[in-house]
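Visitor: First, the structure itself, so that you have it in front of you.
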C-alpha cells in the first residue's frame with residue numbers, strides 16, 4: 001500500500017508539472033494572439049480611415065512582420081497639374097469668393113504664401 005501511494009504521488013507530481021508547462025505555453029500563446037489582435041485592429045483602423053478619406057489604402061502585410069507603409073513618392077507632372085488646379089480652385093473659392101479673405105495688404109496669399117495669381121491682387 002505504501003509503495004502504491006509513492007507511485008501515485010510521483011505520477012501526480014509529473015502530471016502537475018506537465019499541466020503547469022501546458023498552462024505556461026497557453027498563456028504565452030494567448031499573449032501572442034492578443035497582441036496580434038491589437039495590431040490587426042490598428043491596421044483595420046488605418047485601412048478604413050484611408051478608404052473613408054479617399055486615399056489609396058496602403059498595402060499591408062498580414063503576418064508577424066510590421067506593416068510596410070508605402071513611401072511618399074514625388075508628384076508626377078499630371079499630379080502636379082491636379083494639385084495646381086486644386087490650389088487655384090481653393091484660392092478662387094476661399095479668397096475671391098469671400099472678399100479676398102486670404103489676401104494680405106502686400107498682395108501675398110496668406111494661405112499659400114505665394115503672390116496672388118487669381119487676379120485679385
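Visitor: Determine whether segment 113-120 contains at least one residue that is touching a strand residue (DSSP E or B) at 6+ places or on another chain (Cβ under 9 Å), surrounded by 10 or more Cβ atoms within 10 Å (Cβ to Cβ), modelled with pLDDT of 75 or more and farther than 29 Å from residue 44 by Cα.
Guide: Among the residues of segment 113-120, at least one is touching a strand residue (DSSP E or B) at 6+ places or on another chain (Cβ under 9 Å), surrounded by 10 or more Cβ atoms within 10 Å (Cβ to Cβ), modelled with pLDDT of 75 or more and farther than 29 Å from residue 44 by Cα, which makes the answer yes.
Visitor: What do you reckon, is residue 34 outside the structural domain of residue 111 (by TED's automatic domain parsing), at pLDDT 70 or above and surrounded by fewer than 11 Cβ atoms within 10 Å (Cβ to Cβ)?
Guide: Against the criterion (outside the structural domain of residue 111 (by TED's automatic domain parsing), at pLDDT 70 or above and surrounded by fewer than 11 Cβ atoms within 10 Å (Cβ to Cβ)), residue 34 qualifies.
Visitor: Within segment 67-102, work out how many residues are modelled with pLDDT of 75 or more and touching a helix residue (DSSP H, G or I) at 6+ places or on another chain (Cβ under 9 Å).
Guide: 0
The values are calculated or read from the model by the stated rules, or taken from the named source; none is laboratory data. As the structure is a computational prediction, the values presented were derived from the model and not from experiment. When we count neighbours, we look across all protein chains shown, and the Cβ atoms used for this are built from the backbone with ideal geometry, even at glycine.
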